[in-house]
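The values are calculated or read from the model by the stated rules, or taken from the named source; none is laboratory data. No experiment lies behind these values; they were computed from the predicted model shown. Because the Cβ atoms are built from the backbone with ideal geometry, glycine has one as well, and the counts that use them run over all protein chains shown. Note: accessible area is taken over every heavy atom of the protein model, side chains too, but ligands, DNA and RNA are not part of it. Shrake-Rupley method; radii C 1.70, N 1.55, O 1.52, S 1.80 Å.
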Amino acid sequence: MIARTLLIAAVPVLAAAQLAPLRPPDVRYEPSSPEIVRAMLRLAGVTQKDVVYDLGCGDGRIVIAAAKEFGARGVGIDIDPQRIAEAEANARAAGVTRRVRFQVGDLFEADVRNASVVMLYLWPWINLKLRPALLRDLKPGARVVSHYHDMGDWPPDRKIEVEGHPIYLWTIPKPR
């Protein structure tokens, strides 16, 4: 019975491993430490009322932590099907599948309109390329948090340092 359960659990991971990403990923997979993940979520002031999106979610650790530790709902988007399979398995193991979902997708085409918080751990040029869509599509008051990289001339509301890494917070302003 245990072997059958393991095989059933492994099928999505094996199937995803055979799928190629939609296109080459923009960044290599480098997960944030649990301490940085918690700091990002705290900096954003995540609560159970939030919907946290993680663009380039990797193994899903940020939205899983948002659900498990803060009661939020979450959506993870990654271009690599293998990462999504890992994220789904991690969500099952954490018992948060009712609060999170993961999808294979291009972060530049992601629909983030339902997000109250968007998490990023990307490269500077990717943040800058995403910035207009974030400002256009997110509601006023939504928060954007980036591990390590800023948004160019858009000054952050707050900046903290954890484990020698900067973490930035911006709040989407009301239209003028």
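Under a point-charge model restricted to the Cβ atoms of Lys and Arg (+1) and Asp and Glu (-1), what is the dipole moment magnitude of the chain relative to its Cα centre, in debye to the nearest 20? List each step's numbers first, then the result.
Details: 24 positive and 20 negative charges, 141 e Å.
Computed about the Cα centre, the dipole is about 680 debye.
Just the accessible area per residue of the stretch 17-123, please: how many Å² with a 1.4 Å probe?
Numbers: 5060 Å² over 107 residues.
Result: 47 Å² of accessible area for each residue.
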remark   = In whole angstrom, the spacing between the Cα centers of the stretch 46-65 and the stretch 124-159 equals 16 Å
request  = For residue 49, go through the lysines and keep the ones whose alpha-carbon is under 23 Å away, minus same-chain ones fewer than eight residues off.
outcome  = 68, 139, 174
Residues of the stretch 137-176: accessible area per residue with a 1.4 Å probe, Å² = 59 Å²
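Would you list 97, 171 from the most to the least accessible area, probe 1.4 Å? Numbers along the way, then the final one.
Values: 97 80, 171 55 Å².
Putting 97, 171 in descending order of accessible area: 97, 171.
I need the peptides 64-70, 102-108 ranked by packing, meaning the mean over residues of other C-beta atoms within 10 angstrom, with the highest value on top.
Numbers: 64-70: 22.4, 102-108: 17.6.
The densest-packed peptide leads the list: 64-70, 102-108.
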message = At a 10 angstrom cut-off on C-beta neighbours, averaged per residue, how do the peptides 35-45, 122-132 rank from highest to lowest?
response = 35-45, 122-132
ask   = Of all accessible surface on the chain at a 1.4 Å probe, what whole percent is carbon and sulfur?
value = 55 percent
task = Give me the Debye-computed log₁₀ of I(q)/I(0) at q = 0.08, 0.13 Å⁻¹ for the chain, equal point scatterers on Cα only, no solvent, two decimals.
result = -0.24, -0.61
ask   = Of 76, 32, 56, whose Cα points farthest to the positive end of the dipole of the chain (charges on the beta-carbon: +1 Lys, Arg; -1 Asp, Glu; origin at the Cα centre)?
value = 76
inquiry  = At a threshold of 8 angstrom on Cα-Cα distance, excluding pairs fewer than six apart, so keeping six or more, what relative contact order does the stretch 54-176 reach in percent?
reply    = 20 percent
